[in-house]
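Nothing in this text is a laboratory measurement; each read-out follows from the coordinates by a stated rule. No experiment lies behind these values; they were computed from the predicted model shown. Note that each Cβ is placed from the backbone with ideal geometry, even for glycine, and that neighbours are counted across all protein chains shown.
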Amino acid sequence: MDGSLISFGHWLQNREFALAIAGSDWAYPFVQAMHFTGLSLWVGTNVIVDLTLLGVGKKSSEPAQFSNMLFVWNWIGFGIAVIGGLLLFSVSAETYLTNIAFLTKLGLLIPLGLVVHIVIQRNAPAWEKLSEIPRVAKIAGFADLLLWLSVATAAVLIPYAG
């Protein structure tokens, strides 16, 4: 790992706000709850659209309809998750920057998941106009589900990975 990145982690976790979160009995659990709330909104709204693409659920609702209805909530959840995640990261940044599960989650899985998610959001209206949901849409929905499951798995492995 690059020494300047580790130095940045050391600098970040010694900022006043990071030390305040780490040293408080209530701040860390609050930030963690905020992060999980954002993740629930983000992943929950993704799963609804992905399952609709896969043909699960009522046929009266189209993927684009769900995507449009949930768009704002989806990105609000993402914003909350990112803010909470950055605050959690700041508490032990130096440690996280050497953790293979964290680096896999943040450096590979989340960017891939975001790309697939944005592709789905942009293409859902066009896919809806077709008589049948195309195979590529189903693959995208399945890939999105798989990527977010992988992100969650990597997150769970963070305390156990070195």
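Roughly how big is the stretch 3-160's charge dipole about its Cα centre, with Cβ charges of +1 (Lys, Arg) and -1 (Asp, Glu), in debye to the nearest 20?
On the way: 8 positive and 8 negative charges, 80 e Å.
Dipole of the stretch 3-160, to the nearest 20 debye: 380 debye.
Judged by the ratio a/c of the largest to the smallest principal axis of the C-alpha gyration tensor, the stretch 64-123 counts as oblate, that ratio being 1.5 or greater while a/b is no larger than b/c.
Can you sort 138, 105, 129 by how many other beta carbons sit within 10 Å, fewest first?
Numbers: 138 16, 105 23, 129 8.
So the residues, fewest neighbours to most, are 129, 138, 105.
Translational diffusion coefficient of the stretch 110-162 (Stokes-Einstein, Kirkwood radius from Cα pairs, 20 °C, 1.002 mPa s): 174 µm²/s.
Taking neighbour Cβ counts within 10 Å as the exposure measure, how do 160, 96, 28 sort from fewest upward?
Details: 160 8, 96 20, 28 16.
Final ranking by Cβ density, sparse to dense: 160, 28, 96.
By other beta-carbon atoms within 10 Å, ranking 92, 24, 131, 4 with the fewest at the front produces 131, 4, 24, 92.
For the stretch 44-105 versus the stretch 6-38, the inter-centroid distance based on Cα atoms is 21 Å. The tail of the calculated P(r) for the stretch 1-76 beyond 16 Å holds 66 percent of all Cα-Cα pairs.
Just need the relative contact order of the chain here, percent rounded to a whole number, with Cα pairs under 8 Å and 6+ apart. Could the numbers behind the result be given before it?
Details: 176 pairs, mean separation 51.4, N = 162.
Rounded, it is 32 percent for the chain.
Couplings 3J(HN,Hα) of the stretch 126-135, computed from phi: 6, 5, 5, 6, 7, 5, 9, 5, x, 4 Hz, in residue order, whole Hz [Karplus 6.51 cos²θ - 1.76 cosθ + 1.60, θ = phi - 60°; x for Gly and Pro].
Using square roots of five times the C-alpha gyration tensor eigenvalues, list the equivalent-ellipsoid semi-axes of the chain in whole Å, biggest first. Don't skip to the answer; put the middle values down first.
On the way: eigenvalues 247, 55, 28 Å².
After scaling each eigenvalue by five and taking roots: 35, 17, 12 Å.
Over the chain, DSSP H runs of length four or greater, each weighted -39,500 (n - 2.57), average out per residue to a 222 nm ellipticity of -26000 deg cm²/dmol. The packing ranking, built from the mean of other Cβ atoms within 10 Å per residue, places the peptides 140-149, 81-90, 8-17 in the order 140-149, 81-90, 8-17, highest first.
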